[in-house]
1. If you check 16, 55, 30, 4, which single one turns out to be within 13 Å of the ligand (Cβ to nearest atom) and farther than 13 Å from residue 78 by Cβ?
2. Do you know which of the residues in the range 104-124 that are assigned to a helix (DSSP H, G or I) and either surrounded by 16 or more Cβ atoms within 10 Å (Cβ to Cβ) or under 14 Å from the mean Cα position of the chain (by Cα) (or both) is farthest from the ligand (Cβ to nearest atom)?
3. Take the residues in the range 89-101 that are out of contact with any helix residue (DSSP H, G or I) (no Cβ under 8 Å at 6 or more places or on another chain) and touching a residue at least 24 places away in the same chain (Cβ under 8 Å); name whichever of them is farthest from the ligand (Cβ to nearest atom).
4. Please verify whether residue 50 is exposed (fewer than 13 other Cβ atoms within 10 Å of the Cβ) and either more than 8 Å from the ligand (Cβ to nearest atom) or at negative phi (or both), treating the condition exactly as stated.
5. When the residues of the range 64-81 are narrowed to those that are near the ligand (Cβ under 9 Å from one of its atoms) and without any contact (Cβ under 8 Å) to a residue 60 or more places away in the chain, which ends up surrounded by the fewest Cβ atoms within 10 Å (Cβ to Cβ)?
Ligand SMILES: CC(C)(COP(=O)(O)OP(=O)(O)OC[C@H]1O[C@@H](n2cnc3c(N)ncnc32)[C@H](O)[C@@H]1OP(=O)(O)O)[C@@H](O)C(=O)NCCC(=O)NCCS
């Protein structure tokens, strides 16, 4: 998938195009993955359906990835737009593009986790999960990846 907007922003699923250092630099300070090592981000990109968002000058402007079986289930993860590019509809465009991908569009259940962007996803039909039906198992980032970096949570 390669989609361009009139103002020159581009979304591409080409894994070779991703500036993996830039994606890691954001994620390692994001509230949901503080301290995540580069190697883990690198492997996650290789084994997901990655969506890179690029500015008109070609620089990485954002990212999202879909973890999916390509048929019935999809998980939307690591959605972000870098600060200088926010507030122009790019986040909505990125999420819409991920959900439009055939591997996600065919899914019966799509899942995501968010601390504060519920209304962003609600417009695409996401609702709080049924707590009696859906279970999860979580581990603390510092248990997996060591002490939290100073900037953690300010992402
Ligand atoms: C969330 C994020 C991707 C939005 O990107 P963006 O390009 O600035 O967003 P858009 O311009 O497409 O607008 C997003 C819409 O969602 C709404 N929204 C809801 N929760 C939001 C939140 N926590 N942050 C930003 N926008 C939010 C906005 O108000 C806006 O709605 P509107 O058009 O009706 O005003 C971006 O702010 C970001 O990367 N934040 C830090 C990382 C993050 O929290 N990612 C989401 C993890 S679940």
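None of the figures in this text is laboratory data; all of them are computed from the coordinates on show. What you are looking at is a predicted structure, and each value in this text was computed from that prediction instead of being measured. So basically every Cβ, Gly included, is an ideal-geometry build from the backbone, and we count neighbours across all protein chains shown.
1. Unique residue meeting the criteria: 55.
2. That would be 104.
3. 101
4. Criteria not met by residue 50.
5. 77
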